[in-house]
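Contents: one structure, followed by commentary.
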Amino acid sequence: MTEQAPNQIRDAIAQAIGENPVILFMKGTPEQPMCGFSARTVAALQAVGAPFAAVDILPDPRIRQELSALSQWPTIPQLFVNGEFVGGCDIVTEMYETGELAEALGAEPAKAKPVEEPAVGARPMGIENRLS
Amino acid sequence: MPTADDVKARIEARIPGATADVQSPDNVHFSARVVAEAFSGLSRIQQHRLVYAAFEGELGGEIHALQLKTETP
């Protein structure tokens, strides 16, 4: 049996969340985000200066499916801190702007410089999510 | 494809007393500011979940993205 059952994927996700104090599930990688919202969330985390783990959900649609089932959150990106779901792009951006993100990550509050707002219509590059 | 007005109507129907200001340049990406008394006492995550509940299964699909800002009156 080489095919991973969905619950094994869910276990692997839960394990990754448990093992990494700060972990971001995103489309693409921090170096090459494949969606404007993932890019904006990475930018907020990098501005705060806290190290974080990142998981690209694009290679296997089941990752997205199982992640959303676990977090009860429909969209990507998703940030977890100390095993707790913190939010998606909008919440992380808002927390960055209020200084709560730095606080949650135990970093010094960054100089309040606004994260660049992508135009609402900016099309994420590349692969779009095909799961309903 | 849903329009900004559709999305606004869905949110306001789902959350009694809510006022939603919704914009969309392409009927795929949406941006909404939702003000509702129902949000008081809830965390941001809970507030956003309340709005997402109006679009079960459609977020990430027909509605590619819904940028959300939630507030209490």
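Worth a mention:
- Here A:Leu105 fulfils each of the conditions (1) farther than 29 Å from A:Asn7 by Cα; (2) of a type in the set (A, V, I, L, M); (3) at pLDDT 95 or above apart from (3).
- Checking each residue in region B:14-42 for being facing another protein chain (nearest Cβ under 9 Å) and within 13 Å of B:Thr70 (Cβ to Cβ) picks out only B:Ser31.
- Single residue of region B:14-69 satisfying the filter (among the charged types (D, E, K, R) and assigned to a loop (DSSP other than H, G, I, E, B)) that is most open to solvent (accessible area, probe 1.4 Å): B:Glu56
- Residue check, A:Ala39 within 25 Å of B:Leu66 (Cα to Cα), among the hydrophobic types (A, V, I, L, M, F, W, C), open to solvent by 30 Å² or more (accessible area, probe 1.4 Å) and in contact with a helix residue (DSSP H, G or I) (Cβ under 8 Å, 6 or more places away or on another chain): no
- In region A:45-63, the qualifying residues are those that are outside any loop (DSSP other than H, G, I, E, B) and under 11 Å from the mean Cα position of the chain (by Cα), and the one that is farthest from B:Leu68 (Cα to Cα) is A:Ala53.
- Complete set of residues in region A:77-97 that are closer than 19 Å to A:Asp11 by Cβ and among the acidic types (Asp, Glu): A:Glu84
The values are calculated or read from the model by the stated rules, or taken from the named source; none is laboratory data. Keep in mind that this is a model prediction, so the values were computed, not measured. Glycine also receives a Cβ, built like all others from the backbone with ideal geometry; neighbour counts cover every protein chain displayed. The protein model used for the area step is the full one, side chains on, heavy atoms only, and it has no ligands, DNA or RNA in it. Shrake-Rupley method; radii C 1.70, N 1.55, O 1.52, S 1.80 Å.
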